[in-house]
Structure formats: C-alpha cells, structure tokens
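The values are calculated or read from the model by the stated rules, or taken from the named source; none is laboratory data. Since this is a predicted model, take the numbers as computed values, not measurements. Note: ideal-geometry Cβ built from the backbone for every residue, glycine included; neighbour counts use all protein chains shown. Note: areas computed on protein heavy atoms with side chains; ligands, DNA, RNA excluded. Shrake-Rupley method; radii C 1.70, N 1.55, O 1.52, S 1.80 Å.
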Amino acid sequence: MVAPLYTTASGLLFHAGKILVVTVGLPARGKTHISRALERYLRWTGVKTQVVSLGDYRRKILGGAQKLPPDYFTLGEKSPETVALRKRISDGCEQLIWDFFNSGGQVVIYDANNGTRERRQALAEKFDKEGIHVIMLESLCDNEEIILSNIRSVKISSPDYRGWDPEKAVQDYYGRIRDHEAHYEPVEETDWPYIRIVNVGEKIMVNSRIVFFLMNIHNRFRTIYFARSGQSLIEHSYKADSDLSPPGWEYAERLKEFVLDRRAKALQQRGVDIEDRRLVVWTSARRRSHHSAWPFLNLTENDKVKLPRVKVVEKPQMSEINPGVWDGLSPDQVRKFYPDEWERFVRDPYAYRAPRAESYHDLCVRLEPTLIELEREQEDLLIIGHASVIRCMLAYLIGLPASEIPAIEVARGDLIEVVPTSYGVHSQAYHFWDGPGRSQNGGGVGKDEHNFYENYAEDTQGKRRPQTAEAVDAIPS
C-alpha cells in the first residue's frame, strides 16, 4: 500500500523522477475533476504534486470570457491579437510547470484541452528533452448526462459566465464544444505512455497503480460527513473496547437527528428527493463507533424528517491508532516514563511509532484501501469514527501534507461536512453537542489527556481546522 514511504537521494519519492501528466479531451469531459482527484491522491501519498490549470491561469491573467476577443475559444484561423493572447497564456502555464519542478516538485498535472496532435507533441518534446517523463491522460465522454451535468454544475458557475442566463450559458458552452469537436484529434500517437478514461472512470485502457485509483473515481454529487463516536464507559483505554456511556447514547441520538436534518435541507436545496438517495454510514468495528450508528438503524415516523434509506457498514480498517505502551497515559506520564521516545514523537508526530504502537504513517497505510472505497462510493456518506482516523481521511480529501495530519483538530460534538467538487472540496464544521464527552466540564473540544495519542492534536505550523458553525444556526429549534 502507498502512503509516504521513503525519499530518494534526490529528495523525491520513489525512483520515477519528475513526471508531467498532460490531460487531453474536449471541454466538459471531466478533465479538471480527474486532475484534482489525482492531485489529492498523490499529495496524500507524499508526492509533491500540483495541478496547473490553463483555464484558471487565463481567468487570473485576462479575466472572464467577456473580456476576450470573440475568436479566442474557436480553433482555426485567428486574429494576431488572439494568437498573441493564447501564446501568452500557454507560455505562462509552461513557466508555472517549470517553476514547480525547479522548486522540488515531482508531478505536475497540466489541466488543458490539448486536443491537437501537434500541440501535444510540441509540449511533450519540450519537457522530455529536459528529462521530464511525460504521460498523456485522455478523458473521453459520450454520456450526455455527464456532459450536461458538468456544464451546469461547474462551467456556467465560473467567472466566464458571471451574470449570464443559465440556459444561454449552457448553449454558449455547447457551441464552444462543437467548435473543438471539429478539430479534436484523439490520442493515437505511441511516442508517450498514455491512459484513456471513458465517462470519468467507466472504462479504462491500461493497468497501473494510478489507473486503479482513477477507475474508482466519479463526479456524481455527494456529501461526506465526519463525526466522532460518542463517549464510552472507559474513555482512555484502547484495549478495553468499552461500550457507550449513557451520555454516549444520548450523543448518538442527537447525531442522528442533526445529520438527517442537515442532509434533508441540503438535498432540498438541490431539488433532490431524499427517497432517491441512500445514506451510507461507515463505522469501525469498535463498540463505541458501531453503536454510535445504531440510532440510524432504528428510524421511526417520529423522526423530524422524511425517512431516508440507510445502510450501516463496519470497517475493521477504521479502528483508531494503536497507542502501544502509551495506552492510557497522559502527556506528563509519557514525558516521565518514556523521555527519549517523547522527544522523538514531538520532533515528528506523523512518522514516529511509540513502542508496540502504530504511527500515523502506519495508519495511513492501513486506511488506503478504505480511501479507494471512499472515492468509489456514490451515495452520501457518514463516517462515525475515531479522531486519528478522521484526521487521515480529512487530510486526504482536503489535500493537506502528511506532516500536518496529527495537527488536525477533530472535536467530539462537531459534524464535519465535506463536499467534493471538480475544483477542490468545500468543508464546514457544525457544532451540535456540548454534553459529557466533549470535555470534563462541557467547555472544551473533547480531548482526553489520558488518551492523547488518539485525541491530542500536536501543534504544528500550518495547522488547519474547518470553520465551525453553531448547531442553532443550522437547525432551528
């Protein structure tokens, strides 16, 4: 399995050298979605990766489409002004690629149409001469529903169509696609290795580790929720695997109410009938995690929202990080009894493994198959888990480097909502619980000092935490 494994003498991971992935495809074929998903995955594995988007760069430098010459998006003969503008943008993107490689980056994904053989060949030869490995990543799509969904959800919401009537924007974008179709040349050249994806993962033509990941992605809209399990009878023992305490059961009921209400409102805003979408709940096999999902299996007509279809799945790989000999110890006790190990832990909380314990790196390796399943899951997903596991999954989705994983605060009583999109992810935390289990006196964020290896977020530079909204703002009383 892949998580950050080792660094070569060059400072790069593995021995592949530097790689340029060149996307190829007509507009609205999911290239940006695929590029961002691949960037997120490679970053999580520890590979220094960056997407260079020609569209984003063009909008940053020249502004929206309304500021461009009318022949900018058409192929064929162009005015000298348009030729100069397009060259300025392509040259600028190439410079961004070089800048990233020269600063120690290993993989660049160049997100652009690159629809002609001449353009691809010139680009690839330029980087190949400098020792950069080039891979063509072609996205084909003949599913009109996927194309239309991509146009409506991504393209017409971009600055290019700000202030446009949505239907006119769709028709204008279809016109842009038709012009590109007349000049598009599929990847048939054999000078460079290539991957061809059909309908955003429905079919694929080659077999490799990255391709296995790409086969499992999709661009169907869904929301991923994260919440910690409720308070257990023995909070600070990994070995005990104790059941929920009475406040823990109350927490589980409140979590169910909050998630169902929050999700129903989100689906209603998108015009989706809740009966058309199933809610999938993942838990670990530990009692406090799985039992926190039990209220979702006992939905009644008394629930405030229309009853959804719910499926609960236990995943043993999602058990919390094993603290080894530090189980049940407070930070002060660890400093006293294991001073040398404590110093190593403080220097590198991600990679250090306490005696007979797991490191966060070990946990990431264990979770990778679960992350592939997360990419494949098309339904709304609620993950009720442990702080250490949620940290690793959030870092993957948000795109944080591995070194920041131990620093992510995951508070019991907060529901973290993550919505993957083609251009990244939107995340928001909603506070819904202040009872026992959040802290000893109800005022903290649920850290147990006697289980700090699982619950303690080591302070590091670049620490991030989703913005939190109070439950009263999300669910009216």
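Can we say Leu279 is closer than 20 Å to Asp414 by Cβ and modelled with pLDDT under 95?
Working: closer than 20 Å to Asp414 by Cβ: yes; modelled with pLDDT under 95: yes.
Considered against the rule, which asks whether it is closer than 20 Å to Asp414 by Cβ and modelled with pLDDT under 95, Leu279 comes out as yes.
Which of the residues spanning the range 47-85 are open to solvent by less than 40 Å² (accessible area, probe 1.4 Å) and touching a residue at least 60 places away in the same chain (Cβ under 8 Å)?
Once the filter is applied, which keeps residues that are open to solvent by less than 40 Å² (accessible area, probe 1.4 Å) and touching a residue at least 60 places away in the same chain (Cβ under 8 Å), the range 47-85 yields Val47, Thr49, Val51, Gly55, Gly63, Gly64, Ala65.
For the range 290-319, what are the residues that are among the β-branched types (Val, Ile, Thr), modelled with pLDDT under 85 and either in contact with a helix residue (DSSP H, G or I) (Cβ under 8 Å, 6 or more places away or on another chain) or surrounded by 15 or more Cβ atoms within 10 Å (Cβ to Cβ) (or both)?
Listed by number, the list holds a single entry, Val305.
Identify, from the list Trp44, Trp98, the residue that is free of Cβ contacts under 8 Å to residues at least 40 places away in the same chain and among the aromatic types (Phe, Trp, Tyr).
Just one listed residue meets the conditions, Trp98.
Which count do you get for residues in the range 321-356 that are under 24 Å from Leu400 (Cα atoms) and in a loop (DSSP other than H, G, I, E, B)?
10
Each row is one residue, and each column tells you yes or no for (1) β-branched (Val, Ile, Thr); (2) closer than 23 Å to Ala28 by Cα.
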{"position": "Lys67", "(1), (2)": "no, yes"}
{"position": "Phe100", "(1), (2)": "no, no"}
{"position": "Ser103", "(1), (2)": "no, no"}
{"position": "Val107", "(1), (2)": "yes, no"}
{"position": "Ala112", "(1), (2)": "no, yes"}
{"position": "Arg119", "(1), (2)": "no, yes"}
{"position": "Leu123", "(1), (2)": "no, yes"}
{"position": "Glu138", "(1), (2)": "no, yes"}
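Picking from Gly105, Gly115, which residue would you name as being part of a loop (DSSP other than H, G, I, E, B) and under 25 Å from the mean Cα position of the chain (by Cα)?
Gly105
Applying the selection to the range 33-84, what residues are among the β-branched types (Val, Ile, Thr) and either assigned to a helix (DSSP H, G or I) or modelled with pLDDT under 90 (or both)?
Taking the range 33-84 as the starting set, the residues that turn out to be among the β-branched types (Val, Ile, Thr) are 34, 45, 47, 49, 51-52, 61, 74, 82-83.
Passing the criteria: Ile34, Thr45, Val47, Ile61, Thr74, Thr82, Val83.
Of all residues in the range 58-88, count the ones that are more than 28 Å from the chain's Cα centre (by Cα) and either under 28 Å from Ile135 (Cβ atoms) or of a type in the set (Phe, Trp, Tyr) (or both).
Number of matching residues: 6.
Scanning the range 384-436 for residues that are outside any strand (DSSP E or B) and among the charged types (D, E, K, R), which turns out surrounded by the fewest Cβ atoms within 10 Å (Cβ to Cβ)?
Going through the range 384-436, the residues outside any strand (DSSP E or B) turn out to be 386-413, 422-423, 432-436.
Still in the running and among the charged types (D, E, K, R): 391, 404, 409, 412, 434.
Working: Arg391: 26, Glu404: 19, Glu409: 19, Arg412: 24, Asp434: 12.
So, considering only residues that are outside any strand (DSSP E or B) and among the charged types (D, E, K, R), the one surrounded by the fewest Cβ atoms within 10 Å (Cβ to Cβ) is Asp434.
Determine if the range 347-367 includes at least one residue that is in contact with a helix residue (DSSP H, G or I) (Cβ under 7 Å, 6 or more places away or on another chain) and closer than 29 Å to Arg270 by Cβ.
The answer is no, given that none of the residues of the range 347-367 is in contact with a helix residue (DSSP H, G or I) (Cβ under 7 Å, 6 or more places away or on another chain) and closer than 29 Å to Arg270 by Cβ.
Out of (1) over 17 Å from the mean Cα position of the chain (by Cα); (2) open to solvent by 10 Å² or more (accessible area, probe 1.4 Å); (3) in contact (Cβ under 8 Å) with a residue 40 or more places away in the chain, what's the single condition that is false for Arg376?
(1)
Which residue is surrounded by the fewest Cβ atoms within 10 Å (Cβ to Cβ), if the candidates are limited to the range 346-373 and must be of a type in the set (Phe, Trp, Tyr) and in contact (Cβ under 8 Å) with a residue 40 or more places away in the chain?
Filtering first and then ranking leaves Tyr350.
Output the residues belonging to the range 244-289 that are open to solvent by less than 30 Å² (accessible area, probe 1.4 Å) and of a type in the set (Val, Ile, Thr).
Listed by number, the residues that qualify are Val259, Ile274, Val280, Val281, Thr283.
If you scan the range 101-123, which residues turn out to be closer than 22 Å to Arg43 by Cβ and either acidic (Asp, Glu) or free of Cβ contacts under 8 Å to residues at least 60 places away in the same chain (or both)?
Listed by number, the residues that qualify are Asn102, Ser103, Asp111.
State which residue pairs qualify: first residue over 20 Å from Gln121 (Cβ atoms) and inside the range 178-190, second residue of a type in the set (Ser, Thr, Tyr) in any location, beta carbons under 7 Å apart, and separation of 6 or more residues or different chains.
That search, which allows pairs on different chains as well, returns Asp179/Thr74.
Out of Tyr194, Tyr174, I need the residue that is modelled with pLDDT of 85 or more and of a type in the set (Phe, Trp, Tyr). Which one?
Tyr174
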